[in-house]
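Report on one structure; see the data block that follows.
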Amino acid sequence: MKNKIVRLTGLVVLSAFLWACADGSMPATPTPPPPPAPTLTAQAVVPGGTAYQNISLDTSAGTNSASLTVVSGSSVEIRWDIKGVSTAELTSTPDVLGGAVVLEIEKGAATDKTGTSSGSQFVPGLTSDVTFTIKATAVGAKEDDPVSEVTVTIQVAVTPAPVELAINKFDATPSQVQANGISKLCWDVSPADSKVTIKDDAGNYLVPQALPEEEPAEGELEAKASMVEAEEGDVSIEEPAVEIPTFEAVGCFDVTVNKDTKFTLSAMSADGQTLTQDVMVAIAATEFNVVSFTANGQEGTFLMEKAGEVRLSWEVIPEGATVTIDNGIGEVAVKDMVTVSVEETTTYTLTASFGDQIGSKQVTVNVGTLGGKKEELSVALSSSASEIFAGEAVKIAWAVKAADGSSIDNASITLNGEPVSGSDVTIKPMATTNYVVEASTGNGDARSNSVTIAVRRWNANELDSKWASIGVVSDKMVLMGSYSNPPSAIKFGRLIDSIGFEKVTYDFSSDFAKLYFGSYQKDKLGAYGQFPVNALTKDPSSARIYGATAGGLIYSDDTGKSWATVEILVLPKKLSFASAERKSCKGGVQIGDKSGKNSVANIAQICDIVVDGSRVVMGTDIGLIYIDDVDGYMSKRTCIQGLPEKGECSKQNALALTVVNDLASFGGAIYAGTEKGVWISTDKGESWAEFNGGGIGSGTAVYALAIGKKLIYAAGPEGVFASELTVGGADWKKTGDISEDAGAVYSLAVEGSNIYAGTEKGIYVSHNADDDWADISESMGSSPAVYSVAVNKNNSIVSIYAATSAGAFSSTGSVATPMAELPKVETAPEVTNSAIDSLKAMF
């Protein structure tokens with residue numbers, strides 16, 4: 001009975017179903033409605049300094065497409081936030097993403113229909129139009145169900161970037177000339193349709209005049225140096241008094257100068273951008289000397305038995321000097337002779353002047369046989385140096401003797417006509433001067449001798465920039481690094497023997513962008529501040545030169561003509577001091593940003609570099625780090641050792657998070673000048689130990705190191721110290737006192753027994769480790785901060801270079817003589833030149 005009931009029930013159901021389908025067909029199962037499309041918001045963000053240009057899309061508000069216009073080279077970041085999504089992808093047409101980017105979905109529980117995706121994609125350097133598409137499919141949607149999909153498109157139109165006006169080059173060759181000498185000004189301005197005006201510091205504009213002998217070379221306008229004086233109001237738009245002459249964007253111009261002259265180039269682009277740049281043409285210091293003054297070919301004293309004629313001869317350099325001879329002779333040529341009639345003993349004095357330099361020589365004609373020791377009297381003369389800087393002390397010593405060698409103690413002595421006592425005098429010449437010492441006795445005996453003390457001057461190689469470092473010093477080239485802003489124009493100076501001072505510009509910001517995009521920070525580099533080239537170091541085993549700057553290790557393989565970046569150094573946000581004020585190279589300060597919004601603020605400063613074999617060791621404001629095999633590192637991006645973060649890759653050392661200002665290597669050891677004194681490593685920088693003691697301790701800031709023959713020197717805010725060169729403990733002793741006005745010592749250079757110190761206010765020299773210091777900045781025109789000093793010796797010629805806050809300077813002259821080694825006085829008669837070579841410091 002039960003089975004029958006079941007069958008009956010089934011029959012009823014079927015009947016009901018058949019009744020419902022009038023045509024007798026089977027009814028379809030009802031289709032559930034599709035899930036709703038995901039909600040999608042998207043942004044296109046274009047970094048632009050501290051502000052952002054952006055567009056936003058919101059599908060829930062019906063906005064599914066938008067367009068944006070950017071200039072060529074701009075970077076774009078696509079951001080998204082999707083809800084109720086199971087799959088999503090980002091594509092671009094044309095493909096600038098390297099294929100479709102599958103977006104990561106965060107899913108909830110099995111019954112959760114709210115899958116989400118949020119993130120961003122950074123796309124650098126767009127150069128052509130591109131369309132970005134985000135396609136999202138809802139949770140539970142079937143294939144090809146358009147109702148459950150949502151698509152947004154962002155069209156980015158790329159327009160050519162406006163050409164930024166740039167003065168790529170403006171220099172003078174040579175940058176130093178003799179008075180009324182010719183220097184060639186050359187410039188290169190972009191874009192090519194820009195116009196250029198040039199005027200001197202008196203307001204006179206240069207006027208282009210093509211040479212008639214030949215057509216101007218393509219891209220260069222040769223010109224004769226003619227001027228037009230700029231009257232007040234000559235640039236009035238309404239009614240100019242004088243039309244200002246203009247040059248093409250690339251050209252050269254010969255100028256004749258008779259004094260230090262600054263030329264200003266003003267560039268204007270077609271769209272109204274303007275830039276100016278200065279270049280200095282300096283008058284080179286001219287050698288001045290009273291070469292000789294003789295009577296019948298004899299200097300000092302000439303003896304004649306009776307009255308008669310005597311031939312006076314002389315030579316003075318340079319050609320423009322003014323020369324006079326007393327006793328009625330008057331003004332004469334710089335090189336000549338004259339015959340005079342002498343009736344009685346007469347002393348003739350030749351006086352010469354050139355600018356602010358004055359020199360003199362004397363010759364005495366003794367008439368008659370006067371007996372006694374007259375013809376036997378001799379004056380031996382010597383000086384502690386034949387060439388010095390203005391402001392240095394030099395000692396002149398003399399001895400008066402008879403022919404038998406006995407001393408004459410009662411002689412009257414004059415120095416350039418002024419009475420002096422004793423056997424020596426210390427003077428501080430400010431200009432090249434000839435000093436005449438004359439000795440006379442009561443019976444009429446008189447003899448004289450003379451010595452010329454040459455005074456060196458600083459020559460201004462370039463006065464338009466603030467220079468930070470000097471490296472690669474040789475007889476033919478000196479390379480300098482500057483303080484630069486913006487980072488797209490880091491400047492180097494190449495002082496080349498046969499050419500003069502040449503500037504090279506490096507776009508560091510482009511390499512920064514290639515190696516580090518961290519939250520599109522490239523555009524914030526310009527706001528960082530100055531980018532100093534803190535150090536330049538040549539690899540002794542190759543032609544490569546390494547440079548240390550803010551945030552990067554850079555290098556050049558062609559003697560500084562072009563540059564590239566090895567690596568960017570940016571502090572990780574997790575470092576505890578990344579957001580605080582922290583010390584940097586040589587007393588500088590940096591302010592970090594832990595939020596990451598401005599991670600450019602957290603770039604590390606590289607203070608100095610040494611190269612030891614294949615290892616490049618860097619002292620930075622976050623510690624001592626090094627890279628093995630730089631070329632291998634650049635191709636594989638292997639590990640940098642010593643970075644202040646934990647991990648198996650980077651080996652730690654005792655100088656982590658310590659400001660390492662300067663490095664010096666000698667005898668297999670590397671010395672480090674740090675904020676905690678001096679440290680030493682004997683394993684190429686892997687481990688470090690203190691090298692403190694005596695006047696330098698762990699609380700002494702050391703900004704500079706230098707290696708001498710037997711001593712190592714260290715300097716900083718507390719002066720200059722010296723210690724024995726050992727790998728054991730140090731015993732630092734202070735080397736005299738630099739003026740308190742000098743401030744901190746930034747740099748040191750040692751050549752023989754001479755030590756040069758660049759300070760906050762000028763450059764100083766000491767001729768041995770126990771001597772006081774002399775300020776030798778006088779001819780720089782001021783006392784600028786000297787950030788780096790270097791010395792190069794070629795035989796007996798020593799060239800000194802200084803990178804300063806006021807420009808680049810150099811001085812070339814003979815080897816200096818330490819006063820502590822004053823020579824013994826010669827006893828032979830008629831010693832006419834007291835500049836004794838054996839007394840000079842051997843560099």
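The values are calculated or read from the model by the stated rules, or taken from the named source; none is laboratory data. Computed from a predicted model, the values in this text were never measured in an experiment. For neighbour counting, all protein chains shown are included, and Cβ atoms are generated from backbone atoms with ideal geometry for every residue, glycine included. All accessible areas refer to the heavy atoms of the entire protein, side chains included, with ligands and DNA or RNA removed. Shrake-Rupley method; radii C 1.70, N 1.55, O 1.52, S 1.80 Å.
Nearest 20 debye, what's the magnitude of the dipole of segment 291-367 about its Cα centre given +1 on Lys and Arg Cβ and -1 on Asp and Glu Cβ?
On the way: 4 positive and 11 negative charges, 25 e Å.
Rounded to the nearest 20 debye, it is 120 debye.
Got a number for the accessible area of F253? Probe 1.4 Å, square angstrom, nearest 10.
Around 0 Å² of this residue is reachable by solvent.
Determine how large the accessible area of L643 is when every protein chain is in place; take a 1.4 Å probe and give Å² rounded to the nearest 10.
Here the accessible area works out near 40 Å².
With charges only on Cβ, +1 for K and R and -1 for D and E, what is the dipole size of segment 377-456 about its Cα centre, in debye, rounded to 20?
On the way: 5 positive and 8 negative charges, 39 e Å.
Roughly 180 debye, rounded to the nearest 20.
Roughly how many nanometres apart are two label points built 7 Å out from the Cα toward the Cβ at M634 and D475?
About 3.1 nm separates the two model spin labels.
May I ask you to rank R494, R457 by accessible area, largest first, using a 1.4 Å probe over the protein chains only? Provide the component values of the computation, followed by the final result.
Working: R494 15, R457 105 Å².
The most accessible residue leads, giving R457, R494.
I need the shape label for segment 315-443. Rule: rounded when a/c is under 1.5, else prolate if a/b > b/c, else oblate, with a, b, c from the alpha carbon gyration tensor.
Numbers: a/c = 2.56, a/b = 1.12, b/c = 2.28.
Oblate.
At a 10 angstrom cut-off on C-beta neighbours, averaged per residue, how do the peptides 293-299, 749-755, 657-663 rank from highest to lowest?
In decreasing order of mean packing, 293-299, 749-755, 657-663 become 657-663, 749-755, 293-299.
Calculate how large, on average over all directions, the projected area of the Cα convex hull of segment 377-456 is; give the answer in nm² to one decimal. Don't skip to the end; give the middle numbers.
On the way: hull surface 19.9 nm².
Computed as one quarter of the Cα hull surface, the answer is 5.0 nm².
Amide H to amide H, which residues 5 or more places from L624 or on other chains are under 5 Å from it, using H placed in the peptide plane?
L655, A656, L657, T658
What residue among T452, S423, V437 has its Cα farthest toward the positive end of the dipole of segment 377-456, where the charges are +1 on Lys, Arg and -1 on Asp, Glu, each on the Cβ?
Farthest along the dipole direction, towards plus: T452.
Heavy-atom accessible area of K476 with all protein chains present, probe 1.4 Å, nearest 10 Å²?
Accessible surface of K476 is approximately 150 Å².
Considering every Cα-Cα pair within segment 291-367, what fraction, in whole percent, is farther apart than 19 Å?
I get 30 percent for the Cα pairs in segment 291-367 exceeding 19 Å.
Calculate the dipole size of segment 722-814 relative to its Cα centre from +1 charges on Lys and Arg beta carbons and -1 charges on Asp and Glu beta carbons; express the result in debye to the nearest 20. Intermediate values should be presented prior to the final figure.
Working: 4 positive and 12 negative charges, 76 e Å.
About 360 debye.
Just list whichever of K503/K583; K676/K733; K169/K561; K428/K793; K503/K586 have alpha carbons separated by over 19 Å in the model shown.
Numbers: K503/K583 31 Å; K676/K733 17 Å; K169/K561 13 Å; K428/K793 25 Å; K503/K586 26 Å.
Correct reply: K503/K583; K428/K793; K503/K586.
Tell me, what HN-Hα J-couplings in whole Hz come from the Karplus equation 6.51 cos²θ - 1.76 cosθ + 1.60 at θ = phi - 60° for each residue of segment 669-680, using x for Gly and Pro?
Working through the residues one at a time gives 10, 10, 9, 10, x, 10, 6, 10, x, 9, 10, 9 Hz.
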